[in-house]
Amino acid sequence: MKEPWLPLVPEDVTASWLGEALAPRYPGTRVERLDVHEILWGTGTKMMVTATYNDAGRGHGLPRALCIKAGLAEHRELVKFCYQTEARFFAELAPRLLLGLPQILYAAANADQGMVVMEDLRPTGAHICRVQQPLTRDQAAAFLDDMAALHARWWNSPALEDDGDLGWLMRHDPLPDEAWGDFGRGQLQPETWAHYMGLPRSLGIPAACRDREGVHAALQELRLFGEQGPRCVIHGDAHLGNMYLTREGRPGFLDWQTTRRGHWAQDVTYFYISALDPLDRRAWERDLVAGYLAALARHGVAHPPSEEEAWRAIRAHIVYGLFYWMVNPVEWQAEENNAATAPRFGWAAVDHAAPPLGPL
């Protein structure tokens, strides 16, 4: 099958290209005009546009306000696997899932690029979540139910083997040996670590959590723990900035660039600790985790983890969120986001005496 041609710079995202991309799925569609309102630069570039369709496009009911997401910046080559992963998720996995996702009009990848054309959620009345606005108990439970549906879909499936249908997904590894692990290893260097521990985010993190060697050892222990399974498809970056609530309050998931084969507790731990006020997390976490385990069974997992197994897994995974929010570059997340989130993991580690503060 011939690979699709995909734009590599914003100037190549034209009305003609978009019409040709949409026409196979929406027959007869042409885009007569494409107005670019905003370009949001980041790991993945987002072009916020308005499309004017011909009669066929209007007849299909296509949304005019769109977000076109791809690697369109100079750093594209370094992380193109992120764009390719997200495009393949929406093209191949999303149609097999029942969870909140934006409407996707087009998703494709080739050897150099991955591109997704989705509805712009803002005109729909959706609310993009923010770490400064922790979730309510019911909202957190709804997100966890959808996570359980995702995890259950390929729970310990042969498709997740390296030679399986989903073997193209990277294995989740908190500190991988491959080149993409250079970032984490670099942040653990003494001078770099000291820099981050001098930023405002560190002021709210318990001092015992700021020990570089202890965090490094806990990450290495997590690497071994995660390989024990069970394995499933995970979101991989389940923080509030990648989530939204519809006008009706239903949960939705954005940004699938880090979809992985990994341990369920990676998503669950990373999500609920970062999404809740620490006092609410203390009060609600037992019930929320029990609800997630019950949802796994409801979504078809024959033998979900026991509560004892679940809490050991959660304790092992706390260090992942702690580390990556402590050393998150301000180019990736504003300092106000890092300062809000990193302490939530620090105090969760204290509450559970979890690594790096206690033995697993």
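The values are calculated or read from the model by the stated rules, or taken from the named source; none is laboratory data. Computed from a predicted structure; not experimentally measured. Positions of Cβ are backbone-derived with ideal geometry, glycine not excepted, and every protein chain shown enters the neighbour counts. Heads up: the accessible areas ignore ligands, DNA and RNA and are worked out on the full protein's heavy atoms, side chains in. Shrake-Rupley method; radii C 1.70, N 1.55, O 1.52, S 1.80 Å.
Tabulated data for the structure shown
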read-out	value
Karplus-derived HN-Hα couplings along the range 178-195 (A = 6.51, B = -1.76, C = 1.60, θ = phi - 60°), whole Hz, x at Gly and Pro	5, 4, 6, x, 4, 4, x, 5, x, 5, 8, 5, x, 5, 5, 4, 4, 4
Total charge dipole magnitude, the range 129-212, about the Cα centre, Cβ charges on Lys, Arg, Asp, Glu only, Debye to nearest 20	660
Backbone HN-Hα couplings from phi across the range 126-137 [Karplus 6.51/-1.76/1.60, Hz, Gly and Pro as x]	6, 10, 6, 6, 9, 5, 6, 10, x, 6, 7, 4
Rounded FRET efficiency, nearest 0.05, which uses the C-beta distance separating Asp12 from Thr192 and R0 of 30 Å	0.25
Surface share of carbon and sulfur [accessible, 1.4 angstrom probe, percent] for the range 1-155	52
Extension gain (nm, one decimal) between Ile128 and Glu213, 0.36 nm per residue minus Cα-Cα	27.0 nm
Overall Cα dimensions of the range 243-359, principal axis frame, Å, largest first	43, 41, 29
Fraction of beta bridges assigned by DSSP in the range 127-352 that are antiparallel (%, nearest 5)	90
Estimated FRET transfer efficiency when R0 is 56 angstrom, pair Ala283-Ala91 (beta carbons, to 0.05)	0.85
Accessible surface of the range 205-339, 1.4 Å probe, proportion on carbon and sulfur as whole %	49
Cut-off under 5 Å, modelled amide H: who pairs with Leu99 long-range	none
Pair-distance profile P(r), taking every C-alpha pair of the chain, with 10 angstrom steps and integer %	5, 24, 33, 25, 11, 3, 0
Rough spin-label spacing in nm, given labels placed 7 Å along Cα→Cβ, for Ala334 and Glu227	4.1
Per residue convex hull volume, Cα atoms of the range 203-255, in Å³	146
Cα-based Kirkwood hydrodynamic radius, the range 10-119, one decimal, Å	14.3
Unit Cα scatterers, Debye sum, the range 125-219: log10 I(q)/I(0) for q = 0.10 Å⁻¹	-0.52
Karplus-derived 3J(HN,Hα), 6.51/-1.76/1.60, for each residue of the range 88-95, Hz, glycine and proline x	5, 4, 5, 7, 10, 9, 3, x
Cβ-derived FRET efficiency at R0 56 Å, Glu32 paired with Ala179, nearest 0.05	0.80
Heavy atoms of Val330 accessible to a 1.4 Å probe, total area in Å² rounded to 10	80
Å² per residue, accessible surface of the chain at 1.4 Å	44
